[in-house]
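Worksheet for the structure shown next.
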Amino acid sequence: MNGCPLSAIGLRRCLTVAVFVAIYGLWTGHSIQAQKPRVITLIPALTEMLFAIGAGDQVIAVSSYDEDPPQVRALPKVGALIDPDVERIIALRPTLVLLYGSQTDLMTQLSRASIPYYAYRHGGLGTVSVTIRELGVRTGHSREAESLASDIDRRLAALRQRTAALKKPRTLLVFGRERGSLRNIYASGGRGFLHDMLEAAGGVNVFAAVQAESVQASTEMILAQKPDVIIELRSTEIPAENQRAAELSSWKVLGSVPAVRSNRIHLLSGRWLVVPGPRVADGAEAFARVLHR
Amino acid sequence: MTSVRRRLTVVVPAFGLLTFAVLLVAPTLGSTPISLRRVFDSSIAWDDNVDAQIFFVARLPRVLAGALVGSTLAAAGVVMQALLRNPLATPFTLGVSAAAALGAMAAIALHLDATFLGAAAIPAACFGGAMVGTTIVYFLATRVSGGLSTNVLLLAGVTLNTFFSALITFVQYLVDPADWYRTARWLLGNLDVSSYTPILASVPLIGIALLLFALLPRTLNLLTLGDDVASGRGVDVATAQRIAFLSASLATGAAISLAGPIGFIGIVVPHLVRLLVGSDHRIVLPAATLFGAAFLVSCDLIARTIMSPIELPVGIVTAMIGGPFFLWLLVRKA
Amino acid sequence: MLRADNVSFTYGQGPGIRPATLSGISLEIRRGQVVGILGPNGSGKTTLLRMLCGMRRPDHGSVTLEGTSLDRLSRRALARRIAVVPQETQLAFEYTVLEMVLMGRHPHLGLFQLEGPNDFDVARDALAATGTAQLEHRRFSTLSGGEKQRVVIAAALAQAADIMLLDEPTASLDLGYQLEVAALVTSLNQERSVTIVISTHDLNLAASTCHELVMLRQGRVIAAGPTTEVLTPANVRELYDVDADVHVHEPSGHLVVVPVTRVTRPR
């Protein structure tokens, strides 16, 4: 036949192209039809981790207490530890729910609705990198997660090494007290990530022997423990620069405490300090800076 | 000498002696051993003298606060029980404590301590709440013609108690976690004042209340017989009830503002004292006031030493003593 | 001595017509008499008693004690002149018998004054008069019904008042104790010249102890005067809608009332 455009070679090329096009089309088509990940998180620390490993765009709803990073403030809120809004959570059709290990009722409800969940168990400093890695796997961001987790591990290890040779001050790590007085002081006990951060930063927790995360410290206990340094953590009601001195003057009445006498009382502020999230290495390094001036 | 006079001059000083002894010994005891010689050794610089600081900054204010709060709540308990003619009444029955607690919750939730009020915000709001609650109950109870109807008083007080308690739970629900912990801690009660200022601030209020109490004892005896009988014996029942209710509320409000709501003192101490001295309020009231101080200071001593190095909230110790005591009372009566 | 002049009283406040609890009551209680106020439940006996001891003020009319209106006397002054024995005494707390009786001395004591030897004498004397001296150190709640009532009367006696008002003194007592109390009332009147007013619905108690009777029905006096004149079958029918036989009981010398049948009052 004269004028037929397809030669034998051209036909083979066209067929190859066609096959490739078909395969490509099927492949992308399948991806489009596949579910885009929708993650609901009830734990602020885990929310931060997700954003830090690049999975922030998967987050569709957060807990009532989430505030970081700023973009989550616009997202729907679905309750928290005590009051998760089960109906709303299920109605949002998530592909993964991050919840607390103790929220067994919620887990049962999610199982019934065939929604996968990840149970977070609050623990010491070590849990942070473990959790980051697990989240990386669950959200398809393993590479970023691995990178972030090992970075944190590396920095903490370096910190421990750096401070190993330094003098380790006895430290009172306070995370709550009444303003303007020394009533209802709550300090870190010998367990939990705050304690671990302090130890990593080369400090010795005066309440290391107490097997609890928090200790209500009376004035007698503080006078008896004689801390060399007092670190106060504030995540809310952070005083302005010109008010800090006034805030810390409440400690003056404990004149025999070494930290008071040598004026080694430090106020560190910011939510990132009290969240066992991706910024724990920053936190530990901040501790180290004030401990080893 | 008549028996009343004899008992008054023997029994009350005996309680006074006991209380004095307890107050004297309590600051010397604690989870940390201290040397009294060092405490009073003025040659040692204040900043070097840990023992003195423990004694004067940590323990002494705490013991004084305990004595004030214990005596006030015990006395208020006696008055309330007489007023309501019910041995199960406590200073907290008529809603004053719930209103006070709500005031404190509001101060915490609204961050009033960030204003010029500073550390005084919570006690001030607490006392204000107590007075508001008292006023509401008082006006509800006096709407009945003539005097103060104790039935309406009880109903109004219990209702307000429930209502305010619900509001407290509501406030706790609304605040963020850090503030939630603060509210929960405050509700446990805390005698560790570490400063004499709050104590001095509450002394005038408590003083007025105790002075008013001092006018009441024989009248309380008669009130417990019934309004009609008391009136027939010459008691101005309406005035007596007003004084009793208002002074007991003032006392309770001041005590809660100082150390938070510490339960069981207002009911255990009056009962214990009555078991020992009978029901004549001229003896029960002063004896309970004294014994209340000794009782709370002792409970606080237990609270701060029994689980050394950490401390128990004093409200737990009073509850653990109060609960079994009442079971025993019930069994004994049955 | 104690007079009520045209006393009227209605419970409740505010608009609306409601039946008067007492209307147009006039009576006189003379010194040394035992006067019974008789009537069925709801006739206004207790209210009248309250008026007579000054616990409530009448809406109209006046109550006077030897010429002085009651509302011009202070509560304490009144308590020294008039003593009231309530129907029942429920105690929330444990008092001893002596403590109970000593409380009757309240109107004689200053604010911070303690009872003196004189007060103790008066109290013990009152206990003796009511035959309860041996119970002095007992706890009130452990006493029998009759003993309790006698102690309460002793407390009223300790008030050293001229007049004693008793509200249904035998209402909750067993027969034996009823007779005890009746005898006590009579002896107090005769041996100690106490003027006594008893409100009761027990016709025979009234008959045996009272010199004079005031019969109340629906807030009005339907008859008043010496017992022998007033306690008639006609008055009993008027008061209680009961046909009764009233006659003199020879051995004791006072009237007895024997109820026979109920009559229905035409509306």
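Being in a helix (DSSP H, G or I) and among the hydroxyl-bearing types (S, T, Y) holds for only one residue in C:T170, C:T186, and it is C:T186. Of the residues making up segment C:103-123, those that are within 8 Å of chain B (Cβ to nearest Cβ) and either within 21 Å of the chain's Cα centre (by Cα) or at positive phi (or both) are C:M103, C:G104, C:H106, C:P107. Looking at the structure I just gave you, is B:A119 surrounded by 18 or more Cβ atoms within 10 Å (Cβ to Cβ), at pLDDT below 90, within 14 Å of chain A (Cβ to nearest Cβ) and not in a loop (DSSP other than H, G, I, E, B)? When the stated conditions are applied, B:A119 passes them. Taking (1) within 14 Å of another protein chain (Cβ to nearest Cβ); (2) under 30 Å from B:A259 (Cα atoms); (3) not hydroxyl-bearing (S, T, Y) in turn, A:H122 satisfies each apart from (2). With the checklist (1) surrounded by fewer than 21 Cβ atoms within 10 Å (Cβ to Cβ); (2) closer than 21 Å to B:R182 by Cα; (3) without any contact (Cβ under 8 Å) to a residue 40 or more places away in the chain in hand, flag the one item A:V204 doesn't pass. Here A:V204 clears every test but (2).
Within segment C:218-255, the set of residues being outside any loop (DSSP other than H, G, I, E, B), surrounded by 14 or more Cβ atoms within 10 Å (Cβ to Cβ) and of a type in the set (V, I, T) comprises C:V221, C:I222, C:T227, C:T228, C:V230, C:V236, C:V242, C:V246. The residues on offer are B:L276, B:L272, B:L327, B:L296, and the sole one that is under 30 Å from C:Q113 (Cα atoms), more than 13 Å from every other protein chain (Cβ to nearest Cβ) and among the hydrophobic types (A, V, I, L, M, F, W, C) is B:L272. Evaluate segment A:28-36: report whether one residue or more is within 28 Å of B:F170 (Cα to Cα), within 30 Å of the chain's Cα centre (by Cα) and modelled with pLDDT under 85. No, segment A:28-36 has no match at all. Restricted to helices (runs of 4 or more DSSP H) entirely inside segment A:173-262, those with at least 1 residues that are within 11 Å of chain B (Cβ to nearest Cβ) and farther than 23 Å from B:L188 by Cα are A:219-225, A:244-248, A:258-261.
Among all positions in segment C:49-58, there is no residue which is buried (at least 23 other Cβ atoms within 10 Å of the Cβ), modelled with pLDDT of 90 or more and under 17 Å from C:L27 (Cβ atoms). Of everything listed in (1) under 21 Å from B:V69 (Cα atoms); (2) within 11 Å of another protein chain (Cβ to nearest Cβ), the single unmet condition for B:A101 is (2). Of the residues B:V235, B:V193, only one is within 14 Å of chain C (Cβ to nearest Cβ), part of a loop (DSSP other than H, G, I, E, B) and not small (G, A, S); which? Of B:V235, B:V193, the one residue that is within 14 Å of chain C (Cβ to nearest Cβ), part of a loop (DSSP other than H, G, I, E, B) and not small (G, A, S) is B:V235. Within the span defined as segment B:138-155, one or more residues are closer than 23 Å to B:L250 by Cβ, surrounded by 14 or more Cβ atoms within 10 Å (Cβ to Cβ), touching a Ser or Thr at 6+ places or on another chain (Cβ under 7 Å) and not acidic (D, E).
When segment A:175-207 is filtered for residues that are more than 23 Å from the chain's Cα centre (by Cα), of a type in the set (A, V, I, L, M) and closer than 28 Å to B:V193 by Cβ, the ones remaining, listed by number, are A:L182, A:I185, A:V206. Number of residues in segment C:1-32 that are crowded, with 19+ Cβ neighbours inside 10 Å, modelled with pLDDT of 80 or more and not in a strand (DSSP E or B) equals 0. The set of residues in segment A:263-274 that are touching a residue at least 40 places away in the same chain (Cβ under 8 Å), closer than 18 Å to A:E67 by Cβ and assigned to a loop (DSSP other than H, G, I, E, B) contains only A:V274. Counting only strands (runs of 3 or more DSSP E) that sit completely within segment A:30-126, those holding 1 or more residues that are of a type in the set (V, I, T) correspond to A:39-41, A:59-61, A:96-100.
The values are calculated or read from the model by the stated rules, or taken from the named source; none is laboratory data. For clarity, every value in this text was computed on a predicted model and none was experimentally measured. Note that each Cβ is placed from the backbone with ideal geometry, even for glycine, and that neighbours are counted across all protein chains shown.
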